[in-house]
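Enquirer: Attaching a single structure in structure tokens format; questions to follow.
The values are calculated or read from the model by the stated rules, or taken from the named source; none is laboratory data. Source: prediction; values computed, not measured. Please note: Cβ atoms are built from the backbone with ideal geometry, for glycine as well, and neighbour counts cover all protein chains shown.
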Amino acid sequence: MSENRSNDPRHERAGDPDGARGGDHGGNLSRRSLLQAGGIGVAGLAAASAMAVADAQTVLPAQTDVQVSPPVKTASLPGPNPIDLGKVEGNKVSFTSLQDASEGESSPPSALLPPDRRVGFAIVGLGHLAVQQILPGFGSSRKAKPVALVSGRADKARVIASQYGIKPEAVYDYESFDRIAQNPDVKVVYIVLPNAMHKEFVIRAAKAGKHVLCEKPMATSSSDCREMIDACDKAGVKLMIAYRCQYEPHHRYLMDSVRKKDFGEMRLVRAVNGQDVGAIDQWRLRKALSGGGSLPDVGIYCLNAARYITGEEPVEVFAQISTPPNDPRFKEVEESVSFQLRFPSGVLAELSCSYGVHRAQTLEVHTAEAHYLMEHAFPYKGQRLQISHKIGKSDADVVPNIEQQDQFALEMDHFATCVMENRVPRTPGEEGLQDQMLVEAIYQSARTGQAVKLKPVSGTDVTRGPMPENGAG
Ligand code: NAD
């Protein structure tokens, strides 16, 4: 599925590899020195072990006088030994399963890039998502490494930089951010700021000559989205919107099965994404920073899911909004939205989101012969897919055995691949623009009480790049 599509309006840009990271270790290396030598995580651990082995085999020649020759290595490790299991192919090490085939497949072999070949990421904004999900996600990444931070708080940035082995000189604030242009370690800038700030920092990152990964929602207006796409085009850099669910294995399984018509034609999509929003002073409740309430923040997961499951673009939208008049949290933004989409194939989607309900995150697809139910569909982990389908004159409930994987590592690895191999991301800027245009149509429908008709779009996946390989490569 990898391809360079120079004629594609989503553009292709030259990219270049790079990178480092690692994990905990044994031996004499301190965690800090290991991180600085090679980063965090498994790659660093492997590097540390290799160094320890190499040290153990280094024998100094017998000392004669003052002149000391360079160290001489003894024979290398022995060749294949039946006790020391594992098969090495290229940069992958794999093992045969310890269980019978009937127990299911073992995990796919890992293929970690060595630290110096990983793609370096700068993280802009050290808030909840960046600190609690994205930075830890590098620990599961195979191709990306954190090399720079951008924050308004020196104390916080300093602590986090030391935890991840990021050089002090690679910590910027929002004013000095543009100096990142002179940092060759940074290939990708990942924007994790309040929604209304995405545009400014995407454009500044593009001008600095860096590829850009931007959190959802892409921006707070479709005109801003267009400016961001144009700026990246003009600068010759790639732009990807961080729609993590499109890289998550349960979502990919569901999409694949429905599109292959495993159980007949698709008819209905239903999804709900809601939570009880907390602190009243957060930017999410201020329209100038968020662009809206539950719809652009959590409703966008339902909207995006209906689009990537069908692959189609809706031709009609109808929406209603409900906001309690006396709840001080909702002075500027909406609480709950219910919206329906009609797709060209006839599929109907019934979607809803709220900032005033106990956590609910469910995705369902109804086909002629099956009901797909994904519980915990939109959180960072815990997805569970059940398929209830016709079998003769009866019914069967199946829970496919799908491995949980770190969604942030998957999406970052996909973008790293796109940068290294000059590919179009699966979720480029056009994917974020399309959602934003639909968000605007949903608000218009709720405001006017009328359905909003949309220009039909022919073809499928027209706002997306090629599907990543398994493991979101
Ligand atoms: P947050 O409030 O925890 O962090 C925002 C960061 O921006 C903080 O470091 C804050 O200091 C900084 N900032 C700079 N200027 C600011 C200003 N004027 N006002 C407020 N903060 C300012 O937010 P978050 O939850 O980390 O969300 C950041 C982005 O990530 C948003 O676009 C959000 O939609 C997105 N997000 C995505 C997911 C996902 O699963 N993909 C989950 C949560 C959030």
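Enquirer: Considering the range 437-467 alone, what residues qualify as being surrounded by 24 or more Cβ atoms within 10 Å (Cβ to Cβ) and either touching a Ser or Thr at 6+ places or on another chain (Cβ under 8 Å) or free of Cβ contacts under 8 Å to residues at least 40 places away in the same chain (or both)?
Expert: If the condition is that a residue be surrounded by 24 or more Cβ atoms within 10 Å (Cβ to Cβ) and either touching a Ser or Thr at 6+ places or on another chain (Cβ under 8 Å) or free of Cβ contacts under 8 Å to residues at least 40 places away in the same chain (or both), then Gly465 is the only one that fits.
Enquirer: Would you point out the residue of the range 386-432, among those that are of a type in the set (A, V, I, L, M, F, W, C) and surrounded by fewer than 21 Cβ atoms within 10 Å (Cβ to Cβ), that is farthest from the ligand (Cβ to nearest atom)?
Expert: Ranking the candidates gives Ile391 first.
Enquirer: Given the criterion under 30 Å from Glu335 (Cβ atoms) and either among the β-branched types (Val, Ile, Thr) or within 26 Å of the chain's Cα centre (by Cα) (or both), identify the matching residue among Gly465, Gly432, Gly449, Gly459.
Expert: Gly432
Enquirer: Also, quick follow-up: Here's a check for you: in the range 140-173, which residue that is touching an Asp or Glu at 6+ places or on another chain (Cβ under 8 Å), away from the ligand (no atom under 15 Å from the Cβ) and part of a helix (DSSP H, G or I) is farthest from Pro194 (Cα to Cα)?
Expert: Here the residue is Ser140.
Enquirer: Tell me which residues, restricted to the range 272-305, are assigned to a helix (DSSP H, G or I) and either at positive phi or touching an Asp or Glu at 6+ places or on another chain (Cβ under 9 Å) (or both).
Expert: Answer for the range 272-305, where residues must be assigned to a helix (DSSP H, G or I) and either at positive phi or touching an Asp or Glu at 6+ places or on another chain (Cβ under 9 Å) (or both): Arg284, Leu285, Lys287, Ala288, Ser290, Ser294, Leu295, Pro296, Ile300, Leu303, Asn304.
Enquirer: Residue check, Gly137 against (1) within 22 Å of Met420 (Cβ to Cβ); (2) assigned to a loop (DSSP other than H, G, I, E, B), all met but one. Which one?
Expert: So Gly137 meets the others, but not (2).
Enquirer: Take the residues in the range 194-212 that are under 16 Å from Phe121 (Cα atoms) and among the β-branched types (Val, Ile, Thr), then tell me which one is farthest from the ligand (Cβ to nearest atom).
Expert: Val212
Enquirer: Let me ask another. Return yes or no: is Gly465 small (Gly, Ala, Ser), closer than 30 Å to Pro146 by Cβ and either out of contact with any helix residue (DSSP H, G or I) (no Cβ under 9 Å at 6 or more places or on another chain) or not assigned by TED's automatic domain parsing to the domain that holds Val269 (or both)?
Expert: Numbers: small (Gly, Ala, Ser): yes; closer than 30 Å to Pro146 by Cβ: yes; either out of contact with any helix residue (DSSP H, G or I) (no Cβ under 9 Å at 6 or more places or on another chain) or not assigned by TED's automatic domain parsing to the domain that holds Val269 (or both): yes.
Here the answer is yes, as Gly465 does meet what is asked.
Enquirer: Let me confirm something: among Arg284, Arg329, which residue is among the charged types (D, E, K, R) and within 22 Å of Val192 (Cβ to Cβ)?
Expert: Arg284 is the lone residue from the list that is among the charged types (D, E, K, R) and within 22 Å of Val192 (Cβ to Cβ).
Enquirer: Please specify each residue of the range 239-271 satisfying the condition of being part of a strand (DSSP E or B) and farther than 15 Å from Ile309 by Cβ.
Expert: Residues satisfying the conditions are Leu239, Met240, Ile241.
Enquirer: Please determine whether any residue of the range 178-186 is under 20 Å from Arg244 (Cβ atoms), touching a strand residue (DSSP E or B) at 6+ places or on another chain (Cβ under 7 Å) and more than 16 Å from the ligand (Cβ to nearest atom).
Expert: no
Enquirer: Are there any pairs with C-beta distances below 6 angstrom linking a residue in the range 111-135 that is away from the ligand (no atom under 11 Å from the Cβ) to a residue that is of a type in the set (Gly, Ala, Ser) and in a strand (DSSP E or B), with the two at least 6 apart or on different chains, and if so which?
Expert: Note: pairs meeting the criteria are Arg118/Ala144; Val119/Ala144; Phe121/Ala144; Ala122/Ala148.
Enquirer: Oh, and also: What about Pro379, is it under 22 Å from Pro468 (Cα atoms) and crowded, with 21+ Cβ neighbours inside 10 Å?
Expert: Numbers: under 22 Å from Pro468 (Cα atoms): yes; crowded, with 21+ Cβ neighbours inside 10 Å: no.
Spelling it out, it is not the case that Pro379 is under 22 Å from Pro468 (Cα atoms) and crowded, with 21+ Cβ neighbours inside 10 Å.
Enquirer: May I pose another question? Does at least one position in the range 218-238 carry a residue that is outside any helix (DSSP H, G or I) and surrounded by fewer than 22 Cβ atoms within 10 Å (Cβ to Cβ)?
Expert: yes
Enquirer: Looking only at the range 375-422, count every residue that is touching a residue at least 12 places away in the same chain (Cβ under 8 Å) and either closer than 26 Å to Gly139 by Cβ or acidic (Asp, Glu) (or both) and tell me the total.
Expert: 32
Enquirer: Take the residues in the range 269-292 that are surrounded by 15 or more Cβ atoms within 10 Å (Cβ to Cβ) and of a type in the set (Gly, Ala, Ser), then tell me which one is nearest to the ligand (Cβ to nearest atom).
Expert: Ser290
Enquirer: Name the residues in the range 357-378 that are out of contact with any His (no Cβ under 9 Å at 6 or more places or on another chain), among the hydrophobic types (A, V, I, L, M, F, W, C) and over 18 Å from Val337 (Cβ atoms), would you?
Expert: Ala368, Leu373
Enquirer: So is Val131 surrounded by 15 or more Cβ atoms within 10 Å (Cβ to Cβ), aliphatic (A, V, I, L, M) and closer than 24 Å to Gln434 by Cα or not? Before you say what the answer is, go through the steps one by one.
Expert: Working: surrounded by 15 or more Cβ atoms within 10 Å (Cβ to Cβ): yes; aliphatic (A, V, I, L, M): yes; closer than 24 Å to Gln434 by Cα: no.
Against the criterion (surrounded by 15 or more Cβ atoms within 10 Å (Cβ to Cβ), aliphatic (A, V, I, L, M) and closer than 24 Å to Gln434 by Cα), Val131 does not qualify.
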